[in-house]
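Visitor: What follows is a single structure, and I will ask about it in a moment.
The values are calculated or read from the model by the stated rules, or taken from the named source; none is laboratory data. On a predicted model such as this, the values are computed, not experimentally measured, just so you know. Cβ coordinates were reconstructed from backbone atoms using ideal geometry, including for glycine residues, and neighbour counts include every protein chain displayed.
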Amino acid sequence: MRLRFRFRGIPFLATLVIVGVGIALGNWQVRRAAEKMAIAGAIGEQGSLPPVVMGAGGGVHGHDRVDTGVHPTYRRVLVTGQFVKEWPVFLDNRPYAGRAGLYLAMPFKIAGSERHVLVLRGWLPRDPREYGRLPEYATPQGATTIEGIIVAKAGHVMQLGTAAPVKPGAIVQNLEVDEVARASGLQLEPFFVQQTGPQAAGDALVRDWPAPDTGVDKHRGYAVQWYALAAMAALFFVITGLRSGRKQVE
């Protein structure tokens, strides 16, 4: 039987739009995946470099100025100074190994400088019997040197209800450096230091930080979905045209 195709202008134009949009968005997701792969490579490269040292002036050794645009994210760092133990802030909804818990953030005054850096000190478990009770932890007294990794953010979770005001001992869902700077009046570097290194004796803080998720697989999955949409739209146009043509013959 001879196949006939019935061409219809409006469905054709609609198909062109859907195919064009699907291909364009698929290409965009492919580019985003490539960008995230480059970021993952940069993270690995930064982690393999020797740690930089933060000192007087609030900068990182080898960098004239440190800000959110140029600071070496995921670079290992050594900082000497003293914790501002009067300003703990807790980040809620941070589970670990199936247990509810919090991250402890605390300003750290850089030795020989008036500047501070906000340190993510580690994970602490929630008290299952008294959920609002803050967990106990130890803070080094006097000058100390910590090691860690520079990160731009402390991680983001869904905000439940109205955000709590940032103050000493506050339990918040999410935290930005500038919020702590405004509330405390401290001069803070525009990034966090995610503390690493071994736990001290009697220290309840866990520093088994999750690996950064660059989301490469997510973008690849979205790209496949958009390309599939474009292919299905084109296939649907062809099949419906053939069916219409066959009905005309009959």
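Visitor: Just one of (1) surrounded by fewer than 17 Cβ atoms within 10 Å (Cβ to Cβ); (2) in contact with a Lys or Arg (Cβ under 9 Å, 6 or more places away or on another chain) trips up GLU130, so point out which.
Guide: Going through the list (1) surrounded by fewer than 17 Cβ atoms within 10 Å (Cβ to Cβ); (2) in contact with a Lys or Arg (Cβ under 9 Å, 6 or more places away or on another chain), GLU130 breaks only (2).
Here is a yes/no grid of residues against (1) at pLDDT below 95; (2) assigned to a strand (DSSP E or B); (3) out of contact with any Leu (no Cβ under 9 Å at 6 or more places or on another chain); (4) surrounded by 17 or more Cβ atoms within 10 Å (Cβ to Cβ):
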{"site": "LEU104", "(1), (2), (3), (4)": "no, yes, no, yes"}
{"site": "PHE108", "(1), (2), (3), (4)": "no, yes, no, yes"}
{"site": "THR139", "(1), (2), (3), (4)": "yes, no, yes, no"}
{"site": "THR145", "(1), (2), (3), (4)": "yes, yes, no, no"}
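Visitor: Among the residues of the range 4-16, what is the count of those that are loosely packed, with under 11 Cβ neighbours inside 10 Å and either part of a helix (DSSP H, G or I) or at pLDDT 75 or above (or both)?
Guide: 3
Visitor: For residues in the range 168-187 being assigned to a loop (DSSP other than H, G, I, E, B) and among the hydrophobic types (A, V, I, L, M, F, W, C), which is nearest to TYR131 (Cα to Cα)?
Guide: In this case the residue turns out to be ALA170.
Visitor: Counting only residues that are at pLDDT 85 or above, buried (at least 16 other Cβ atoms within 10 Å of the Cβ) and not hydroxyl-bearing (Ser, Thr, Tyr), how many does the range 221-247 have?
Guide: Residues that pass the stated criteria total 5.
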